[in-house]
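The values are calculated or read from the model by the stated rules, or taken from the named source; none is laboratory data. Quantities reported herein were computed from a predicted structural model and do not represent experimental measurements. Backbone-built Cβ (ideal geometry, glycine too); neighbour counts: all protein chains shown.
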Amino acid sequence: MKDVGVVAIGRDEGDRLIACLGSIVGSASAVVYVDSGSTDGSVEAAHSLGAEVVALDLSVPFTAARARNAGFARLCEMIPDVEYVQFIDGDCIVVAGWLERARTDLDARLDVAVVCGRRREIHPERSIYNRLADLEWDTPIGEAAACGGDAMIRASAFRQVGGYDPSLIAGEEPDLCVRLRAAGWKVVRIDAEMTAHDLAMTRLGQWWRRSVRAGYAFAEGSARHGAPPERHWVKETRSILLWGITLPVAVLALAWPTRGFSLALLLVYPLQLLRVGRRARAWGMSASDARLYALACVAGKFAQGVGLARYWRNRLLGLRGRLIEYKGPGVARPRAALEPSGTTQP
């Protein structure tokens, strides 16, 4: 496809990157891989697979947004008339047929800037954290407020709004979508398989840091775009503030003067679990998935509260946010372990 290019980003993804590039090289007019300081041979592997490689300057702080912008700039140098760009993270595999389907939808809808589909976790059975991510990514079909890191974007619209904000350490995709929608464009999720993701999350600490990162993103997103009519992430930020900070702090602060009676307020958390679980069931989740989702939503508020507090601390002190990383480097594994089950066809 001469009018479609691909930008993949990563750092120390190991075999995940090899699988990623193997799923896209040859399917588009050009593939650009942007490396953020890998030490595992990723640059050499990308070259050997036929991708154009951009190595980011080590003296400037890394962000995914900065990497994607650099990849887009190089792609436009290679193909000045590129119409559509598929962005993908280096731990994902593009499903066969996705590029054609996304391009067809963008061709048919000139008011749409972004098309995304279903991102699935390759091995949701390997940990509850993988399963949670798979549930999280099952968003409604139709016009959407935002996309994730995997999406096909109209190049002219991307240029119009100046691309991703390279200063953001998280939440750069929703920020881009807010600006695209403000410019009159639409973001759409279609009913098609898009990518298979290898989260490989097995430890509680990884999930906690990912939730802290989400809280930071919610706080910054609402601070930037929380004014009417957008009200971007205002509801989410208020929920974090209530459940993750205000209520637990109040309970602990009042424990001594109330002789422990304030601890009874903690009973609202089991009630919240029931409420979120019922809502998840109404969305169509199984009983076990609904319980897991509810537990993650309620417990995650505490980690998100840490992220929210970190954002406001940085802002008040004039500090630059630092990346909140939760994944380890990719490891060499049998190629069969990287193949998604049942997601190779849309």
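Looking across segment 1-54, just one residue is within 17 Å of Thr195 (Cβ to Cβ), of a type in the set (Ser, Thr, Tyr) and out of contact with any strand residue (DSSP E or B) (no Cβ under 7 Å at 6 or more places or on another chain), and that is Ser27.
This table checks each residue for (1) without any contact (Cβ under 8 Å) to a residue 24 or more places away in the chain; (2) loosely packed, with under 13 Cβ neighbours inside 10 Å; (3) under 20 Å from Asp138 (Cβ atoms).
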| site | (1), (2), (3) |
| --- | --- |
| Thr246 | yes, no, no |
| Ser262 | yes, no, no |
| Arg291 | yes, no, yes |
| Leu316 | yes, yes, no |
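Among the candidates Leu99, Leu106, Leu49, the residue that is hydrophobic (A, V, I, L, M, F, W, C) and surrounded by fewer than 20 Cβ atoms within 10 Å (Cβ to Cβ) is uniquely Leu49.
Residues are listed down the side, and each one gets a yes or a no for (1) in contact with a Gly (Cβ under 7 Å, 6 or more places away or on another chain); (2) of a type in the set (S, T, N, Q); (3) in contact (Cβ under 8 Å) with a residue 40 or more places away in the chain:
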| residue | (1), (2), (3) |
| --- | --- |
| Leu267 | no, no, no |
| Leu273 | no, no, no |
| Val276 | no, no, no |
| Arg281 | no, no, no |
| Cys297 | no, no, no |
| Lys301 | yes, no, yes |
| Val306 | yes, no, yes |
| Ala309 | no, no, yes |
| Trp312 | no, no, yes |
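Does segment 37-52 contain at least one residue that is free of Cβ contacts under 8 Å to residues at least 40 places away in the same chain and within 21 Å of the chain's Cα centre (by Cα)? Checking segment 37-52: at least one residue is free of Cβ contacts under 8 Å to residues at least 40 places away in the same chain and within 21 Å of the chain's Cα centre (by Cα). Has segment 226-235 got any residue that is under 16 Å from Gly300 (Cα atoms) and part of a helix (DSSP H, G or I)? Yes, there is a match, as at least one residue in segment 226-235 is under 16 Å from Gly300 (Cα atoms) and part of a helix (DSSP H, G or I).
Taking the listed residues Gly321, Gly328, the one that is in contact with a Ser or Thr (Cβ under 9 Å, 6 or more places away or on another chain), outside any helix (DSSP H, G or I) and modelled with pLDDT under 95 is Gly321, with no other qualifying. Of all residues in segment 166-183, one or more are of a type in the set (Val, Ile, Thr), assigned to a helix (DSSP H, G or I) and either within 14 Å of Gly149 (Cβ to Cβ) or in contact (Cβ under 8 Å) with a residue 12 or more places away in the chain (or both). Would you check if there is a residue in segment 119-129 being within 29 Å of Gly205 (Cβ to Cβ), surrounded by fewer than 21 Cβ atoms within 10 Å (Cβ to Cβ) and basic (Lys, Arg)? So far as segment 119-129 goes, yes, one or more of its residues are within 29 Å of Gly205 (Cβ to Cβ), surrounded by fewer than 21 Cβ atoms within 10 Å (Cβ to Cβ) and basic (Lys, Arg). Scanning segment 110-132 for residues that are over 11 Å from Met152 (Cα atoms) and of a type in the set (Val, Ile, Thr) yields Ile122, Ile128.
Taking the conditions (1) part of a helix (DSSP H, G or I); (2) at pLDDT below 95; (3) not hydrophobic (A, V, I, L, M, F, W, C) in turn, Arg238 satisfies each one other than (2).
For segment 135-157, the set of residues classified as under 23 Å from Cys20 (Cα atoms) and in a helix (DSSP H, G or I) consists of Leu135, Glu136, Ala155, listed by residue number.
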